[in-house]
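Student: One structure, pasted below without further comment.
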Amino acid sequence: MLKTVLRYFTVFVFGALAYGLIEITVRGYSHISMGILGGLTMTLITVLNNARRHGLPTIVQLLVTTVFITASELVTGIIININMKLNVWDYSDMPFNYKGQICLPFVFLWFLLSILGMYVDEILRWKFFKTDYPHLRFFAKNRIS
């Protein structure tokens, strides 16, 4: 049980720090709420990777993660940007945006980052938690040997 809690904590912290660094690299700044969402997303990816290893189709994992990120960004944006007026981000100039909080181009980006997150989770499992060799062939039935 302690090993599982430590693993999820590690994955959460890694996701929080990684997403914060991505934002700082791309935009020059980030916000604590984005770190929390990055951590939650990485934790979800880990849970779904477990399910994928037991038969969940990869595309379902990617779609669930993408929808989770988009919905979380919308809820966070409404709270942080609209209600609290912190203006952390504004997608109003982006095509197909909703209230300036989410937009279609970023949905595709979240899908791609979900793939990266799946790979990262596999590497973390293998290197830090000594699980079996990474299952990096997501669309194949058998793992790489």
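The values are calculated or read from the model by the stated rules, or taken from the named source; none is laboratory data. Owing to the predicted nature of the structure, the values given are computational and were not obtained by experimental measurement. In this analysis, Cβ positions are derived from the backbone assuming ideal geometry, glycine residues included, and neighbour counts consider all displayed protein chains. Surface areas here come from the heavy atoms of the whole protein model, side chains and all, with no ligands, DNA or RNA. Shrake-Rupley method; radii C 1.70, N 1.55, O 1.52, S 1.80 Å.
Student: Take Leu109 and Leu17, extend 7 Å from each Cα along the Cα→Cβ direction, and tell me the distance between the two endpoints in nm.
Tutor: If labels sit at Leu109 and Leu17, their model points lie 2.3 nm apart.
Student: Residue separation times 0.36 nm, minus the C-alpha to C-alpha distance between Val75 and Phe129: what's the value?
Tutor: Details: separation 54, 0.36 × 54 = 19.44 nm, distance 3.29 nm.
Going from the current span to full extension adds 16.1 nm.
Student: Would you kindly derive the ³J(HN,Hα) couplings of segment 22-31 from the backbone phi angles with the Karplus curve 6.51 cos²θ - 1.76 cosθ + 1.60 (θ = phi - 60°), listing them in order in whole Hz, with x for Gly and Pro?
Tutor: Computed from phi, the couplings for segment 22-31 are 4, 5, 5, 5, 7, 9, x, 7, 8, 9 Hz.
Student: Sticking with this one: Is it possible to state the helix-based mean residue ellipticity at 222 nm for the chain, with each DSSP H run of 4+ residues giving -39500 (n - 2.57), the sum divided by total residues, to the nearest 500 deg cm²/dmol? What is it? If you can, show how the numbers build up before the last one.
Tutor: Values: 4 runs with 94 residues, N = 145.
So the calculated ellipticity at 222 nm is -23000 deg cm²/dmol.
Student: Taking just the alpha-carbon atoms of segment 85-124, what radius of gyration and Dmax come out, in angstrom?
Tutor: 13.5, 39
Student: Moving on. Hey, can you grab everything whose amide H is under 5 Å from the amide H of Thr131? Only 5+ residues off in sequence or another chain; H modelled, so Pro and N-termini drop out.
Tutor: HN-HN under 5 Å from Thr131: Trp126.
Student: Leaving out ligands and nucleic acids, note down the accessible area per residue over segment 1-117 with a 1.4 angstrom probe, in whole Å². Don't jump to the answer; show the numbers that get you there.
Tutor: Numbers: 6670 Å² over 117 residues.
Here the residues of segment 1-117 average 57 Å² of exposed surface.
Student: For the chain, what % of the accessible area comes from carbon and sulfur atoms, probe 1.4 Å?
Tutor: Working: 6260 of 8660 Å².
Carbon with sulfur: 72 percent of the solvent-accessible area.
Student: Right, next: Roughly how compact is the chain, stated as its Cα Rg over 2.2 N^0.38 Å to two decimals? Spell out each step's value before the answer.
Tutor: Working: Rg = 16.1 Å, N = 145, 2.2 N^0.38 = 14.6 Å.
Normalised by 2.2 N^0.38 Å, the Cα Rg of the chain equals 1.10.
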